[in-house]
Amino acid sequence: MDTALLFDNAVVLLPELVLAVGVMVLMMVDIGRRGQNGSQLLAGLSVAILLLGIGASVMIWGRAPVEYLDGAISDGFALSVRLVILIAGVLGVLLSRNWFPAIERQGGAFYSLHLLAVIGMMLMGTATNLIVLFIALEIFSLALYILSGFYRENARSIEAAMKYFLLGAFASTFFVYGCALLYGAGGSSKFTQIHETLATGGGNPSLVLPGIALLLVGFGFKVSLVPFHMWTPDVYQGAPTPVTAFMSVGTKAAAFAGFFRLMMTALPSFHDQWAMPLAILAVLTMTVGNLTALRQSSVKRMLAYSGIAHAGNILIALVAGTAAASSAAAFYLFAYAFMNIGAFTVTIALERQYGNENDVEQSRLAGAAERFPVLAAAMAIFMLSLSGIPPLAGFFGKFLVFKAAVEAGWAWLVVIGVLNSAVSAYYYLRIVVAMYFQQPEQAGDEKEQPFVPASRSSVFVVVVSVLAVVVIGLQPGLWADLLRGLGQ
Amino acid sequence: MVETSYYLVLAAIIFTVGATGVLLRRNALIIFMCIEMMLNSVNLTLIALARQWGNLEGQIFVFMIMAVAAAEVAVGLAILIANVRHRQSINIDEINLLKW
């Protein structure tokens, strides 16, 4: 192969390249630092690298979509998903700063893995080739297995990593088996090539449906669709909360982006066959996610089940399978990034107040509004947005996805989605009610505890998230124009 | 020449054996080995299909899977060791702190 080809259109991967170089710089700086000092420097450096990555994405924003070496593409959808993931990455790094003792010792490892996970997730949204898709999936999965076990003093964190790894590796084998069968069906690892071969009557169409079924298991695991969701609450609860916040948004955005592109560029001619099973999975995911969230006592577990329910909502967009639906999904993920990370940030701040290690029980939230008025107000905004109450960001995410689905003729699915939103309002509002209208049971000793100020970076994250949720909600058209779908 | 479908059926059988092992065995190391076996059955599938199509993409994919499998083992064993330090056991039935 001509080496000049290597550099043609390499600008497609500019954000990933910036981050990859950044990871190497970060590891070098880590080798150079002495003893316990300098983990603040590493955090600052990681944020700077991620901001450079955002800059690089903005730089290539307006260009016509070009493909790099049959493996990656920079269309509007890839860029939108990249933006969501980079924002989640920045907020995640800011939250991790100061959060746990291991970071003082091994900050270099932590932040490098964090950035590597971001790279893998971004690649997932750009991949146009089964091999790239698989590698991207593994890059971010392997990084996240380690990150979720990073709080090594805590047995729950290690246990979460163990569960996540065993089930994740198991799901990856299904995913890659599905890729192999699709390659066998289309005779190529390129999405568009597979589509052409199958659409012209060639290839082995009999391998397509088993391939889709196996891929569905792998993707279903990554975005935690029911019945592949059993790991989600355990891992979300056990992993360090800043990692959970980043992971909950990042993996969803990445896996949905990859799944969207695969299904809509490689297998659009099989839409009739895969839409119905996905619709059933969406119904199951929303219903089981919401009903189980109703009976959770831990805030982190409640948010995990709420994440499962949201995955079901986004899946509705994939069932519709139109370009408008994919841009609606990008908008949904954009809004979800802020409201979900915001909710986890308030959880982190509350963890500090209650001196609890890595979790908050919902019963302890009673009367929180009196003690921490600002935190409670922020949490209330995030909860209202997650439940989809207008005019906040979450409402317009749901609105756009449901609208695209109705236009594609999936009205019954949207009805179930709306009913589920009504159910979800119950457990989101329960937190608001507990904070504002209930009195703590043992009022005496609760009030004696001194107020622990939240770290400056988490205050920043809360402020940014609240502003974003409100601004996106007030100006949804602006953002809906900015975030593009497939082929736009 | 042996037909491609024979290889595909053999690979499917190996994959099923591996998956059954993951679900039934309780020793984390054995589960790792079963996952490796599943990945290797995918490699066999890819090689057979690459021969049928007469292109190299399937074979390149196999190399990528091998590299990923190696990385996965490294990460997995590290997590396993960290886990053993906490509870002196690799039986996954004893991993039960987190539950609903």
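It is to be established whether one or more residues within segment A:39-54 are outside any helix (DSSP H, G or I) and hydroxyl-bearing (Ser, Thr, Tyr). Break it down into steps so the answer makes sense when it comes.
Step one: of segment A:39-54, the residues outside any helix (DSSP H, G or I) are none.
No: segment A:39-54 contains no residue that is outside any helix (DSSP H, G or I) and hydroxyl-bearing (Ser, Thr, Tyr).
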Practice problem: Please work out which one of (1) over 19 Å from residue A:149 (Cα atoms); (2) in a helix (DSSP H, G or I); (3) open to solvent by less than 20 Å² (accessible area, probe 1.4 Å); (4) not hydrophobic (A, V, I, L, M, F, W, C) is the condition residue A:251 fails and give its number. | Solution: (1)
Quiz item: Out of the residues in segment A:145-161 that are open to solvent by less than 10 Å² (accessible area, probe 1.4 Å) and more than 7 Å from chain B (Cβ to nearest Cβ), which is modelled with the lowest pLDDT?
Solution: A:157
Practice problem: Could you identify the single residue in A:303, A:291, A:318, A:284 that is open to solvent by 10 Å² or more (accessible area, probe 1.4 Å) and either under 18 Å from the mean Cα position of the chain (by Cα) or within 14 Å of chain B (Cβ to nearest Cβ) (or both)? | Solution: A:291
Practice problem: All but one of (1) open to solvent by less than 70 Å² (accessible area, probe 1.4 Å); (2) within 22 Å of residue A:210 (Cβ to Cβ); (3) without any contact (Cβ under 8 Å) to a residue 24 or more places away in the chain; (4) at the interface with chain A (Cβ under 10 Å from one of its Cβ atoms) hold for residue B:20, so report the exception by its number. | Solution: (4)
Exercise. State which residue pairs qualify: first residue closer than 18 Å to residue A:246 by Cβ and inside segment A:318-339, second residue hydroxyl-bearing (Ser, Thr, Tyr) in any location, beta carbons under 6 Å apart, and separation of 6 or more residues or different chains.
Key: A:338/A:465; A:339/A:385
Quiz item: Which of the residues belonging to segment B:40-90 are surrounded by 17 or more Cβ atoms within 10 Å (Cβ to Cβ), more than 7 Å from chain A (Cβ to nearest Cβ) and under 12 Å from the mean Cα position of the chain (by Cα)?
Solution: B:40, B:41, B:43, B:69
Exercise. Scan segment A:327-342 and give yes if some residue there is touching a helix residue (DSSP H, G or I) at 6+ places or on another chain (Cβ under 8 Å), open to solvent by 10 Å² or more (accessible area, probe 1.4 Å), farther than 20 Å from residue A:478 by Cα and not aliphatic (A, V, I, L, M), otherwise no.
Key: no
Quiz item: Taking the stated definitions as given, is residue A:381 assigned to a loop (DSSP other than H, G, I, E, B), under 17 Å from residue A:468 (Cα atoms) and open to solvent by 20 Å² or more (accessible area, probe 1.4 Å)?
Solution: no
Exercise. Give me a count of the residues in segment A:413-437 that are aromatic (Phe, Trp, Tyr) and free of Cβ contacts under 8 Å to residues at least 40 places away in the same chain.
Key: 1
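Condition check ((1) under 23 Å from residue B:11 (Cα atoms); (2) more than 10 Å from chain B (Cβ to nearest Cβ); (3) free of Cβ contacts under 8 Å to residues at least 24 places away in the same chain) across all residues:
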position: A:163; (1), (2), (3): no, no, no
position: A:168; (1), (2), (3): yes, no, no
position: A:176; (1), (2), (3): yes, no, no
position: A:188; (1), (2), (3): yes, no, yes
position: A:207; (1), (2), (3): yes, no, no
position: A:223; (1), (2), (3): no, yes, no
position: A:249; (1), (2), (3): no, yes, no
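Please go through segment A:111-142 and pick out each residue that is free of Cβ contacts under 8 Å to residues at least 60 places away in the same chain and either open to solvent by 20 Å² or more (accessible area, probe 1.4 Å) or among the aromatic types (Phe, Trp, Tyr) (or both).
Applying the first criterion (free of Cβ contacts under 8 Å to residues at least 60 places away in the same chain) to segment A:111-142 yields A:113, A:134-135, A:138-139, A:142.
Those that are free of Cβ contacts under 8 Å to residues at least 60 places away in the same chain and either open to solvent by 20 Å² or more (accessible area, probe 1.4 Å) or among the aromatic types (Phe, Trp, Tyr) (or both): A:113, A:134, A:135, A:139, A:142.
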Quiz item: Going by the conditions given, is residue A:233 away from chain B (no Cβ under 11 Å) and at pLDDT below 95?
Solution: no
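May I ask you to say which residue of A:97, A:82 is in contact (Cβ under 8 Å) with a residue 24 or more places away in the chain and open to solvent by 10 Å² or more (accessible area, probe 1.4 Å)?
None of the others qualify; the one that does is A:97.
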Practice problem: Would you mind finding the one in B:14, B:35 that is within 23 Å of residue A:207 (Cα to Cα), out of contact with any Pro (no Cβ under 7 Å at 6 or more places or on another chain), more than 9 Å from chain A (Cβ to nearest Cβ) and open to solvent by less than 70 Å² (accessible area, probe 1.4 Å)? | Solution: B:14
Practice problem: Kindly indicate whether any position in segment A:90-104 is outside any helix (DSSP H, G or I), at pLDDT 90 or above and either away from every other protein chain (no Cβ under 13 Å) or under 23 Å from residue A:482 (Cβ atoms) (or both). | Solution: no
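The values are calculated or read from the model by the stated rules, or taken from the named source; none is laboratory data. Owing to the predicted nature of the structure, the values given are computational and were not obtained by experimental measurement. All Cβ positions, glycine included, derive from the backbone under ideal geometry; neighbour counts span all protein chains shown. In case anyone asks, the SASA skips ligands and DNA or RNA and just uses the protein heavy atoms, side chains included. Shrake-Rupley method; radii C 1.70, N 1.55, O 1.52, S 1.80 Å.
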